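**Student:** So that we are looking at the same thing, I have put the structure below in structure tokens.
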């Protein structure tokens, strides 16, 4: 039955001869259907609220922490020291490459012990690293070192391998590095560098290509294949608080005017490094490990986690992913930075390795430790013994099977139901017809009794209902 407001609306409609349909005066629930999100065959993670319509029972989105492992590098060479920082790690075919700042703080004299340099290491397994003698730059009268860049830009030289299919061979590796307004540089800012082999570097243009910002951090860039452009993320200040800016480019030389990242619902906090990158198995999502700076706690830092669908608006999780006790020497001044990079080690398709620093500023050296995440395992849909559910917003998919990345306790299980947009179970895919998922699998197909044809629903609007008990779901995908 229509209320007084709707009757008044009908009167105006009739009296004015308006061409609008009568349904426009009805309540939204009766006249509007929610637009379905087209996910095609892409993998979706629970790193934000983008697909979530509602959670019920004991279900929640739970931030995960990586598991600590061995120390992979101790910076004990004369050109390195206790303030080595801004590590970049990426896989390049069968080789893993690492770049980092070599520097040392003299605790007695309270000053830098030697000029900053950029160092290079490599590995075949991501665990055991060698420092090749490159013979490029002299340190204390010798070129027998692993220094790959020296002079302006060494403070935070941050490279990547450019996977842009249009990239020329002589610029297959690119980097950003901060230089002050000194010598040949007419402005302070980020210079653009290129390399054919990742070892021998040269300027792409004579002057900085990005000049708006503070830059005293690990400023990075990469080719975003999903968007078809380069993205850069660098440090700035916003009202006295350390913040992150971003810009885009088609050629790595000409960049858009940078804008601040946004974190709806999150408090304003100091953020130093950002470690932003495309999510490996879901490249339409950008993930980052921004380092939160805590000046009120002796200038302690800690890595956190965030995710974005557009590269500017991020869902930022507030708990640290590597706390100060994981496992040691992380509570001091700037002693807990996440390296930029997330890699899969040979023969291990179930884990990602990430790296973080420890033991900064004190003693003769600092260390880099490896940690591991489960594949897609940054955030999970979790429910305890009480059980719970998540229902998605209306989705539209392609493909013919539903794959789930999940883990259950011994008495736990996961079941999935497909619904119409208005929340009614689709008979063949009702919850009671779903074979419970138990155990631990990265990509497990969901099955319903009678093996109904899932492809028949492709292109239609549906909802997905996850019912779980003592279990975690990390991602799902409708696959070909």
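The values are calculated or read from the model by the stated rules, or taken from the named source; none is laboratory data. Fair warning: this is a prediction, and the values are worked out from it, not measured in the lab. Note that each Cβ is placed from the backbone with ideal geometry, even for glycine, and that neighbours are counted across all protein chains shown.
**Student:** Conditions first: (1) touching a residue at least 24 places away in the same chain (Cβ under 8 Å); (2) in contact with a strand residue (DSSP E or B) (Cβ under 7 Å, 6 or more places away or on another chain). Residue 132 passes all but one, so which condition is the exception?
**Tutor:** Unmet condition: (1).
**Student:** Can you give me the number of residues within region 274-293 that are surrounded by fewer than 19 Cβ atoms within 10 Å (Cβ to Cβ) and outside any strand (DSSP E or B)?
**Tutor:** Here the count works out to 2.
**Student:** Can you confirm whether region 154-164 contains a residue that is surrounded by 14 or more Cβ atoms within 10 Å (Cβ to Cβ) and farther than 24 Å from residue 179 by Cβ?
**Tutor:** The first filter runs over region 154-164 and keeps only residues surrounded by 14 or more Cβ atoms within 10 Å (Cβ to Cβ), leaving 154-162, 164.
From what is left, the residues that are farther than 24 Å from residue 179 by Cβ are 164.
Within region 154-164 (the criterion being surrounded by 14 or more Cβ atoms within 10 Å (Cβ to Cβ) and farther than 24 Å from residue 179 by Cβ), the answer is yes, since at least one residue qualifies.
**Student:** Further question on the same structure: In region 163-206, which residues are in a loop (DSSP other than H, G, I, E, B), on the phi > 0 side of the Ramachandran plot and within 26 Å of the chain's Cα centre (by Cα)?
**Tutor:** 198
**Student:** Which of the following residues is surrounded by 19 or more Cβ atoms within 10 Å (Cβ to Cβ) and either over 19 Å from residue 63 (Cβ atoms) or assigned by TED's automatic domain parsing to the domain that holds residue 129 (or both): 357, 362?
**Tutor:** 357
**Student:** Mind checking whether some residue in region 331-345 is farther than 30 Å from residue 240 by Cβ, modelled with pLDDT of 95 or more and more than 18 Å from the chain's Cα centre (by Cα)?
**Tutor:** Within region 331-345, one or more residues are farther than 30 Å from residue 240 by Cβ, modelled with pLDDT of 95 or more and more than 18 Å from the chain's Cα centre (by Cα).
**Student:** For region 313-328, name all the residues that are surrounded by fewer than 18 Cβ atoms within 10 Å (Cβ to Cβ), in contact (Cβ under 8 Å) with a residue 24 or more places away in the chain and more than 13 Å from residue 289 (Cβ to Cβ).
**Tutor:** 313, 318, 323, 327, 328
**Student:** Can you tell me how many residues in region 126-162 are outside any loop (DSSP other than H, G, I, E, B) and either under 24 Å from residue 71 (Cα atoms) or not assigned by TED's automatic domain parsing to the domain that holds residue 96 (or both)? Don't jump to the end; show me each part of the working.
**Tutor:** Step one: of region 126-162, the residues outside any loop (DSSP other than H, G, I, E, B) are 129-130, 139, 142, 147-150, 158-161.
From what is left, the residues that are either under 24 Å from residue 71 (Cα atoms) or not assigned by TED's automatic domain parsing to the domain that holds residue 96 (or both) are 129-130, 147-148, 158-160.
Residues meeting the conditions: 7.
**Student:** Taking region 212-233, which residues are part of a loop (DSSP other than H, G, I, E, B) and surrounded by fewer than 20 Cβ atoms within 10 Å (Cβ to Cβ)?
**Tutor:** Within region 212-233, 212, 214, 216, 225, 226, 227, 228 meet the criteria.
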